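> Structure incoming, see below.
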Amino acid sequence: LFNLRDGRVAMIHRVHPNMQLAVFESLDDLWDPPPGYWDSHLRELDRHTMITPSDGSLGVGAGAPPVLFGDALLLFYHEREAGGQYTTKVALLDDETGRVLAILPEAIMRPELAWERTGDVDNVVFVQGAVAQPDGTIYLTYGAADRCVGAATVVGADIVAALRAA
């Protein structure tokens, strides 16, 4: 869940293998949607789909709520590749609509360390938190191999520049 610039509430959800965006006028409307909201949403699911898997990948799903970095709204999410490996990717969202403006084609994080590659579910890095820091980094927390929790940082300005160039 996150707020759009005008105060509306956006919710990212997943009807496999894609991610969709549902927008509500208020938090009250999210808890108790207007009659027919979800029926209409599901009938027009393609219109609400915001991210689809890359070629050869099996699915995508949200992780951390979008994080505001300067004037950029960033969504860190996971993608399951054909071999079963879960990676972390990033998208730039429009803060007025929640729609995707750009996606980096390559993952920014892959399972590399032994405790990310071996566990209850092997080869998983699954971002769960993203917090912009005053020093310009974005602090990420993530699940690893469904057994451990990790932390990583990315340089926010570099991510935003790459997305705006994509």
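The values are calculated or read from the model by the stated rules, or taken from the named source; none is laboratory data. The structure displayed is predicted, hence computed values, not measured ones. Using ideal geometry, Cβ is built from the backbone for each residue, glycine included, and neighbour counts are taken over all protein chains shown. When the accessible area is computed, the model is the full protein with side chains, heavy atoms only, and any ligands, DNA or RNA have been set aside. Shrake-Rupley method; radii C 1.70, N 1.55, O 1.52, S 1.80 Å.
> Among the numbered criteria (1) in a loop (DSSP other than H, G, I, E, B); (2) buried (at least 17 other Cβ atoms within 10 Å of the Cβ); (3) of a type in the set (A, V, I, L, M); (4) free of Cβ contacts under 8 Å to residues at least 60 places away in the same chain, which single criterion is violated by residue 121?
(2)
> In segment 81-108, how many are touching a residue at least 60 places away in the same chain (Cβ under 8 Å) and of a type outside the set (Asp, Glu)? Steps first, answer last, please.
Initially, segment 81-108 is screened for residues touching a residue at least 60 places away in the same chain (Cβ under 8 Å), giving 90-92, 95-99, 101-105.
Keeping just the survivors that are of a type outside the set (Asp, Glu) gives 90-92, 97-99, 101-105.
Total satisfying the criteria: 11.
> Still on this structure, please answer the following. Inspect segment 133-141 for any residue being among the small types (Gly, Ala, Ser), touching a strand residue (DSSP E or B) at 6+ places or on another chain (Cβ under 6 Å), at pLDDT 95 or above and outside any helix (DSSP H, G or I) and give the result as yes or no. Break it down into steps so the answer makes sense when it comes.
Filtering segment 133-141 down to residues among the small types (Gly, Ala, Ser) leaves 136.
Subset that is touching a strand residue (DSSP E or B) at 6+ places or on another chain (Cβ under 6 Å): none.
No; the residues of segment 133-141 include none that is among the small types (Gly, Ala, Ser), touching a strand residue (DSSP E or B) at 6+ places or on another chain (Cβ under 6 Å), at pLDDT 95 or above and outside any helix (DSSP H, G or I).
> Let me ask something additional. Kindly provide the set of residues from segment 133-156 that are farther than 25 Å from residue 120 by Cβ, touching a residue at least 24 places away in the same chain (Cβ under 8 Å) and out of contact with any helix residue (DSSP H, G or I) (no Cβ under 6 Å at 6 or more places or on another chain), ordered by number.
Residues satisfying the conditions are 154, 156.
> Of everything in segment 124-140, what is open to solvent by 90 Å² or more (accessible area, probe 1.4 Å) and of a type in the set (Phe, Trp, Tyr)? Give them in sequence order.
Initial filter on segment 124-140 (open to solvent by 90 Å² or more (accessible area, probe 1.4 Å)): 128, 134-135, 139.
Matches in segment 124-140: 139 only.
> Now a separate question. Test residue 41 against the criterion of being over 23 Å from residue 128 (Cα atoms), buried (at least 17 other Cβ atoms within 10 Å of the Cβ) and not aromatic (Phe, Trp, Tyr), and give yes or no. Before you say what the answer is, go through the steps one by one.
On the way: over 23 Å from residue 128 (Cα atoms): yes; buried (at least 17 other Cβ atoms within 10 Å of the Cβ): yes; not aromatic (Phe, Trp, Tyr): yes.
It is true that residue 41 is over 23 Å from residue 128 (Cα atoms), buried (at least 17 other Cβ atoms within 10 Å of the Cβ) and not aromatic (Phe, Trp, Tyr).
> Among the acidic types (Asp, Glu) and closer than 20 Å to residue 164 by Cβ - does that describe any residue in segment 9-31?
No, there is no match, as no residue in segment 9-31 is among the acidic types (Asp, Glu) and closer than 20 Å to residue 164 by Cβ.
> Looking for whichever is out of contact with any strand residue (DSSP E or B) (no Cβ under 6 Å at 6 or more places or on another chain) and assigned to a loop (DSSP other than H, G, I, E, B) here; the options are 28, 6. Which one fits?
Selected residue: 6, the only one of 28, 6 that is out of contact with any strand residue (DSSP E or B) (no Cβ under 6 Å at 6 or more places or on another chain) and assigned to a loop (DSSP other than H, G, I, E, B).
> Checking residue 152 against (1) open to solvent by less than 30 Å² (accessible area, probe 1.4 Å); (2) in a helix (DSSP H, G or I), which test does it fail?
Among (1) open to solvent by less than 30 Å² (accessible area, probe 1.4 Å); (2) in a helix (DSSP H, G or I), the lone unmet condition for residue 152 is (2).
> Residues that are surrounded by fewer than 20 Cβ atoms within 10 Å (Cβ to Cβ), at least 1 per element: which strands (runs of 3 or more DSSP E) completely within segment 46-116 meet that?
Where strands (runs of 3 or more DSSP E) fall fully within segment 46-116 and carry at least 1 residues being surrounded by fewer than 20 Cβ atoms within 10 Å (Cβ to Cβ), they are 49-51, 57-62, 67-69, 72-81, 100-103.
> With respect to the numbered conditions (1) of a type outside the set (S, T, N, Q); (2) open to solvent by 60 Å² or more (accessible area, probe 1.4 Å); (3) under 20 Å from residue 93 (Cα atoms), which one is the sole condition not fulfilled by residue 32?
All conditions pass for residue 32, except number (3).
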